[in-house]
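Student: So that we are looking at the same thing, I have put the structure below in structure tokens.
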Amino acid sequence: MDLYSIGEVSARFDVPVSTLHYWESCGLIEPHRRSGWRFYDQDQLYRIALIRVWRETGHLSLDDIAVLLNAPGQTGDWRSTVAARIEAIQEQVTRLLDAQSYLQHLVRCQHDGPLDECPHFRAGIDLPVAKAVK
């Protein structure tokens, strides 16, 4: 069985050693121990690769990843965790598309002066109504 030191794994994945220690403390990875030193086999390398992909591509939290890996102490169905993340991403996409649309609208403004002085945009801004004092 091929085993890799924590330094080799850190360099291979471009992940700080402290991150590997933290992932271990979260129950996401389980290195082998020899004389107090951590070593990683192919299965652990695969888990590390999955964690990186799920963090970077899926934007999953470590808690979500723990559910997907069925880490000790975790409960929950991984499918519902992924479905919840998809829903959160869709909400982010919607907000970003709204922001993009608004900013494109701003760029098309024909006003030559500062944008806050544009009568068209001033008319589109709702000011809060004063509350009655009791």
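Per-residue answers, yes or no, for (1) in a helix (DSSP H, G or I); (2) closer than 19 Å to ILE51 by Cα; (3) in contact with a strand residue (DSSP E or B) (Cβ under 9 Å, 6 or more places away or on another chain); (4) at pLDDT below 90:
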site	(1), (2), (3), (4)
VAL93	yes, no, no, no
LEU103	yes, no, no, no
GLN110	no, no, no, yes
ASP116	yes, no, no, yes
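Student: Okay, moving on. Find the residue count for region 25-72, including only residues that are surrounded by fewer than 17 Cβ atoms within 10 Å (Cβ to Cβ), without any contact (Cβ under 8 Å) to a residue 40 or more places away in the chain and not in a helix (DSSP H, G or I).
Tutor: The qualifying residues number 12.
The values are calculated or read from the model by the stated rules, or taken from the named source; none is laboratory data. On a predicted model such as this, the values are computed, not experimentally measured, just so you know. Ideal geometry is used to build each Cβ from the backbone, glycine not excepted, and the neighbour counts take in all protein chains shown.
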